[in-house]
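Everything on this sheet refers to the single structure shown next.
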């Protein structure tokens, strides 16, 4: 029996040592779980802040995407307006070119009219000279030339009036030709400036087309960035939710490990009590054996 008690005591001590070792391990595991829980909580807060930041980025990207779409629409409308303006400038250039041809034609016709007026002047001078000669001849004819003298006088008056009218017409033609020449000069300058304006408008149109193409490419990239950001925001929210679940699970595991540690502590205490009781019982048995041996003597 003493041997059995000794074995029970040894087993109890070994069990106590094992239970103590288990308790220490469980405490260490519990401490590690607690540390992991703190780290997970900090990570969850960081991911939550990151998710909020990503959400703000997604919202800003969405706003920028709307603005860029509006900008692209305005740029497209501006391109249409610019094309219409270029077409109008082309039409104005054609009209000015047509007016230039008309002014040149008027200048040529005024030159022809001037030649006609010169001929009229020469004709009036010759008529006046002939009427003067006729008047002289009528005066020589005496009474027989009186009727012819009257006719010659009227012809001379008509020639004089025609000459005066021709001079007035000639003066007006000269003034008109000067105005036409000035108009032709201004028209040529306007035609040159209109040509330059048309060339500049073509260059502006090309540049605006490049800008429009760049804006469209930028809008496409912004839309893609916005889509990726929204996906990133959704992923961040999923990660944040997963971290929350992990924190909850870790807390549950920590609570359970604490319960196991408490149960292990209780088991260790029971084993130590059993070991102490076995030691006490062994001591009692030893004393009993001594007493029995004494009485046998």
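The numbers here are math on the coordinates, done by the rules we state, and not lab data. Everything numeric in this text was worked out from a predicted model, so none of it was measured. Virtual Cβ from ideal backbone geometry, glycine too; neighbours counted across all protein chains shown.
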Suppose the Debye formula is applied to equal point scatterers at every Cα of the stretch 185-240; what is log10 I(q)/I(0) at q = 0.23, 0.30 Å⁻¹? -0.86, -1.01
For residue 150 and residue 60, calculate 0.36 nm times their separation in residues minus their Cα-Cα distance, and state this gained length in nm to one decimal. 21.8 nm
Length added when fully stretched, residue 287-residue 113, from 0.36 nm per residue minus Cα-Cα: 46.1 nm
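Find, to one decimal place in angstroms, the Kirkwood hydrodynamic radius of the stretch 47-117, where the mean of 1/r is taken over every pair of different Cα atoms and then inverted. Can you show the working numbers first?
On the way: mean 1/r = 0.0567 Å⁻¹.
The Cα-based Kirkwood calculation yields 17.6 Å.
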Say R0 is 25 Å: what FRET efficiency, to the nearest 0.05, do residue 95 and residue 172 get from their beta-carbon distance? 0.35
Obtain the nm distance between the two label points defined at residue 42 and residue 165 by a simple spin-label model: each point lies 7 Å from its Cα along the Cα-to-C-beta direction. 11.6 nm
